[in-house]
Each structure stands twice: as structure tokens, then as C-alpha cells.
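A.B. asks: Questions regarding the structure given below will be posed in turn.
Nothing in this text is a laboratory measurement; each read-out follows from the coordinates by a stated rule. Keep in mind it's a predicted model, so treat the numbers as computed, not measured. Virtual Cβ from ideal backbone geometry, glycine too; neighbours counted across all protein chains shown.
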Amino acid sequence: MRRKKKTMAEINVVPYIDVTLVLLIIFMITTPLLNLGVDVSLPESAANTVTIEEEPVIINIDADGNLFLSIGGEFEPIDEQQLSLKLAAFIRKNKDVPILIGADRKVDYGRAYEAMVVAQQAGATKVGLISDPLSMENK
């Protein structure tokens, strides 16, 4: 009489561990290379700091007057028409989301004002400007 061998019902996880480690190394190498921000030299001011409970939408304007939008993630280049459409769609779902505008100190005031108008026309009720704190040498 022959004995039947029982089938082994275990999963070999060694290949999964190898793949996981390779992915971990790839992410560790590429993460510092990501450009997560826009190089904007904000003006300094002695304004009081404001605490915001929810994640704000940030519009940055670089020294050349280009617009960049960040809705809870990294900045993406955008034009005024796309900005208006995206903001309107986002504001419909999040009525009281604060919108902060950061403009490089070399940007014309009118350009920053245009961004504020676009945000308000999209339905924003809370629009503010971002500045750097006043440095010790300018006090």
C-alpha cells in the first residue's frame, strides 16, 4: 500500500522580499531627486503667523510670472484658465479650503493680484498671501 504525499500549501515569500527591497532602494534613490517645490524668493514681513486647520491650496508665482499649483501635493505648472477650472472643481467639493498665494519678490504686484482674482472667481472665500518672517538683520 502506497502512502500519498500531502501537498504543501505554503507560499514562498523570498521572491516578494527581494522585489520589495529592490523597490525600496529605487525609491530611496529617486526621492531626493524629485523637485517638490518652486524656487520663489518670498518677500519678508513682520505679519503675525496664522494657524490653518486644513491643508491649504497653494499658488506660487515664480520670478518670471509663471503660475504653479499645489493641491495637497507637489507643484505643477499651470496657466490661468486651467487654474480657474481646477480651483472651481476643488472648491465645489471643499467649500472653506484656504488658498494661499506666494509670489516672488520680483513679481509685479498686478500679477499676484490677478492670481487672487482668479481664486475668488473660482469661488474661494479664504484667500491669503504668503511671506517669509522678517529676518533679524531687517528688524
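A.B. asks: Counting other beta carbons within 10 Å of each residue's own, what order do Val117, Val14, Val107 fall into, fewest first?
C.D. replies: Val14, Val117, Val107
A.B. asks: If I stretch the segment between Gln120 and Glu54 completely, what's the gain in nm (0.36 nm per residue apart, minus their alpha carbon distance), one decimal? Can you show the working numbers first?
C.D. replies: On the way: separation 66, 0.36 × 66 = 23.76 nm, distance 1.85 nm.
Once the chain is fully extended between Gln120 and Glu54, it gains 21.9 nm.
A.B. asks: Turning to a different aspect of this structure: Based on the Cβ-Cβ distance from Asn94 to Asn12, what FRET efficiency comes out when R0 is 35 Å, to the nearest 0.05?
C.D. replies: 0.15
A.B. asks: May I ask you to list the lysines whose Cα is less than 24 Å away from that of Lys6, ignoring any residue fewer than eight positions away on the same chain?
C.D. replies: The reachable lysines, counting only those whose Cα sits under 24 Å from Lys6, number zero.
A.B. asks: Still on this structure: Using the 10 angstrom Cβ neighbour count as an exposure proxy, how do Ser131, Ser70 rank, fewest first? It would help to have the intermediate numbers written out before the result.
C.D. replies: Details: Ser131 15, Ser70 20.
In order of increasing Cβ crowding within 10 Å: Ser131, Ser70.
A.B. asks: Using Cα-Cα distances under 8 Å and only pairs 6 or more residues apart, what relative contact order does the range 44-138 have, in percent?
C.D. replies: Dividing the mean separation by the residue count of the range 44-138 yields 34 percent.
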